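First the structure, which I've put down as C-alpha cells, then a few questions once you've had a look.
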Ligand code: BGC
C-alpha cells in the first residue's frame, strides 16, 4: 500500500522525446493522455526548456511540475550531459526553468525518478534490501535503493566493461544501432550485469525502459545469479517519478 495522494505533473526529458502527463499519485496512473514532443536537435537548454514550457501550456497545468534530465543533477546544477547537448553542463536549473515556467518545479535525474516510481507503484521487490534499478534507453540509467531509500546520481551506464562504457555496449539504443536480435543483445546485457553484480552485490536488478516490455524475449537468455526482473511501470516511470518528486519534496 502506498500513501501517495493528489494529482501532479511530470515531464521526462529523454534523448529522443520530451514527454509530459498529469499523474494521479494515488495509483501512479496518468490522468488523460501523455503529450510527447521530439527532443529538439541540438538539445540545448534553451530549446529543451521551450518545449517543457510548451507541454505545460498545452496541458493547461498551473501547479508545480517535476522535470527529469538524463544527467547528474545535484543542488540544482547539471553536472553531466551524455545524451543531451553539452551546453547543459554547469546549468543552474532553478535559474533556467524559472525563465520559462510560471509554476514551481524540481529537476532530478531521469533514472532516479523512474526508480522512485517503481518503488512506490511497481515491483514490491524494490522496497526491501539493496536493489539496483536500471533503465535502458538511449543510455543506461541507474538508481540504487536500500529499503526503498534512494542513493541518487549513480551513473552505472558509464562504467567501463571490457573496453567500452556499459551503455555503449548494452543500451537499447546500442541494440537498434547495431541491428542486434534480442538473443544477440542479451549476452551483452548479461556481461554488464555481471560486472555490476561483482561490484555491488544487489539482491535484485529491476530493469525499466521501453525494452522491459519485451522481457520475455531477452530475460531467458540471461545467466547471472542475481535475479533480474522487468520493472512494472515501463516507460511511464520517469513521468510518474518526476510528478512524485515535486509533490513529495523528493529532490535529491
Ligand atoms: C546519463 C544518465 C541517465 C541515463 C539514462 C546516461 O547516459 O549519464 O544520467 O540517467 O543515460 O537516460
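What follows draws every value from the coordinates through simple rules; no lab data is involved. This structure is a prediction, so every number in the text was calculated from the model and none was measured. Don't worry about glycine lacking a Cβ; one is built from the backbone with ideal geometry, like all the others, and counts go over all protein chains shown.
If you go through segment 126-149 one residue at a time, do you hit one that is in a helix (DSSP H, G or I) and more than 13 Å from the ligand (Cβ to nearest atom)?
Yes, the conditions are met somewhere in segment 126-149.
For every residue, the table says whether it meets (1) within 22 Å of the chain's Cα centre (by Cα); (2) part of a helix (DSSP H, G or I); (3) farther than 19 Å from residue 158 by Cβ.
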position: 174; (1), (2), (3): yes, yes, no
position: 179; (1), (2), (3): no, no, yes
position: 187; (1), (2), (3): no, yes, yes
position: 192; (1), (2), (3): yes, yes, no
position: 197; (1), (2), (3): yes, yes, no
position: 206; (1), (2), (3): yes, no, yes
position: 213; (1), (2), (3): yes, yes, yes
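For residues in segment 61-92 being closer than 14 Å to residue 18 by Cβ and out of contact with any strand residue (DSSP E or B) (no Cβ under 6 Å at 6 or more places or on another chain), which is farthest from the ligand (Cβ to nearest atom)?
Applying the filter and picking the extreme gives 85.
Would you check if there is a residue in segment 182-200 being surrounded by fewer than 17 Cβ atoms within 10 Å (Cβ to Cβ), within 15 Å of the ligand (Cβ to nearest atom) and without any contact (Cβ under 8 Å) to a residue 40 or more places away in the chain?
Checked against the condition, which is being surrounded by fewer than 17 Cβ atoms within 10 Å (Cβ to Cβ), within 15 Å of the ligand (Cβ to nearest atom) and without any contact (Cβ under 8 Å) to a residue 40 or more places away in the chain, segment 182-200 yields no hits at all.
Each row is one residue, and each column tells you yes or no for (1) without any contact (Cβ under 8 Å) to a residue 60 or more places away in the chain; (2) under 17 Å from the mean Cα position of the chain (by Cα); (3) surrounded by fewer than 18 Cβ atoms within 10 Å (Cβ to Cβ); (4) on the phi < 0 side of the Ramachandran plot.
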| site | (1), (2), (3), (4) |
| --- | --- |
| 59 | yes, no, no, yes |
| 73 | no, yes, no, yes |
| 77 | yes, no, yes, yes |
| 84 | no, yes, no, yes |
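Let me ask you something else. If I filter segment 36-54 for residues that are assigned to a loop (DSSP other than H, G, I, E, B), within 13 Å of the ligand (Cβ to nearest atom) and within 19 Å of the chain's Cα centre (by Cα), do I get at least one hit?
Looking for residues that are assigned to a loop (DSSP other than H, G, I, E, B), within 13 Å of the ligand (Cβ to nearest atom) and within 19 Å of the chain's Cα centre (by Cα), one finds at least one in segment 36-54, hence yes.
May I pose another question? State whether one or more residues within segment 212-233 are over 21 Å from residue 166 (Cα atoms) and buried (at least 18 other Cβ atoms within 10 Å of the Cβ).
Yes: one or more hits.
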